[in-house]
Amino acid sequence: MRSFAIEVTDLRKRYGSVEAVQGLSFAVQPGEVYGLLGPNGAGKTTTVEILEGFRRRSGGEVWVLGHDPGRRDRRLQERVGIVLQSSGLYPRVTVREAVEHFAKAYPSPRDPAETIALVGLEEQGDARARELSGGQRRRLDLALALVGDPELVFLDEPTTGFDPAARRAAWGVIDTLKDLGKTVLLTTHYLYEAQALADRVAIVKDGVILAQGPPRELMTSAPGYRVAYR
């Protein structure tokens, strides 16, 4: 039995002659918030898509909650929540309808109304997806990822498009996930976000991990790295 929630060894992904992910290795403990920090094009999203089972890897070994995600095992999918960079919601579906529909796909979901409240969309329950602001749509994406009460949550650039107030609210939700003992893997290009949320961070550039560890230690003990992503 594997002790890590996520275990990645020498992960590689090629697109023709281009190697987008070049031998990444890291492990995430159960209940940990782990961040992949880097600019756009660093390989963060490709890595997460492989862990989610959406994209095939070219090489290396990957285990998520004891399963190989490349096999698309439903037993794994029921234990994982995912927030993608862009939503595929139907524009005419209301917030309440969307969350209730997603809840039916899981054996032991959270209460939909409780989940909507958790992400701060109580007043938008009857609003259609097309009527939501960009930040509100991202909150809805987060609600859809959480309604299944997953053990592990993937958050790919979870606060993209958020105003400062919405970003702080999203951070509060992530802190709540940690308090509930959930494992979280998030990608971000905001250094301050990684510092605020993650127990440990991997700095990724051009498909390579430059350094990894607690954010505070990276900033003090790795002065050779200059991180200024925006």
Nearest-ten-degree value, helix 134-146 long axis tilted from longest Cα axis of the chain: 80
In what sequence, highest mean first, do 135-143, 206-214 appear when ranked by Cβ atoms within 10 angstrom? 135-143, 206-214
Descending packing, highest mean Cβ count within 10 Å first, for 125-134, 188-197 is 188-197, 125-134
How far apart, in nm, are the 7 Å Cα→Cβ label points at residue 78 and residue 106? 1.3
Helix-only [θ] at 222 nm, the chain, -39500 (n - 2.57) per DSSP H run of 4+, per residue, nearest 500, equals -9000 deg cm²/dmol
Between 123, 19, 114, which gets the highest mean-square fluctuation from a Gaussian network model of the chain, Cα cutoff 10 Å? 123
Net charge near residue 168: determine it from the other residues with C-beta under 15 Å of the C-beta of residue 168, scoring Lys and Arg +1 and Asp and Glu -1. 0
Positive-end extreme of charge dipole, the chain - chosen from 91, 112, 140 (charges on Cβ): 91
Pull out the extension gain between residue 54 and residue 175, defined as 0.36 nm times the separation in residues minus the alpha carbon to alpha carbon distance; nm, one decimal. 40.9 nm
Name the residue, out of 48, 201, 93, whose mean-square fluctuation peaks in a Gaussian network model built on the chain with Cα pairs under 10 Å. 93
Pair residue 96, residue 71: separation of 7 Å Cα→Cβ label points (nm): 4.1
Taking the Cα-to-Cβ direction at residue 168 and at residue 123 and moving 7 Å from each Cα, how far apart do the two end points lie in nm? 1.6
Please get the size of the charge dipole for segment 53-137, origin at its Cα centre, with Cβ charges of +1 on Lys and Arg and -1 on Asp and Glu, quoted in debye to the nearest 20. 580
Residue 13: which aspartates and glutamates have alpha carbons under 15 Å from its alpha carbon, excluding same-chain residues fewer than 8 sequence positions away? 49, 52, 61, 206
List the lysines whose alpha-carbon lies under 25 Å from that of residue 182, not counting same-chain residues fewer than 8 positions away? 44, 104
Nearest 5 is fine: what % of DSSP beta bridges in the chain come out antiparallel, could you say? 55
Karplus-derived HN-Hα couplings along segment 120-127 (A = 6.51, B = -1.76, C = 1.60, θ = phi - 60°), whole Hz, x at Gly and Pro: x, 10, 4, 6, 9, x, 9, 7
Mind checking the dipole of the chain: about its Cα centre, +1 per Lys or Arg Cβ, -1 per Asp or Glu Cβ, Debye to the nearest 20? 640
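Any read-out appearing in this document is the output of simple, stated calculations on the displayed coordinates, not a laboratory observation. All of these numbers come straight from a predicted model, not from anything done at the bench. Counting neighbours? That spans all protein chains shown, and the Cβs are built from the backbone with ideal geometry, glycine included.
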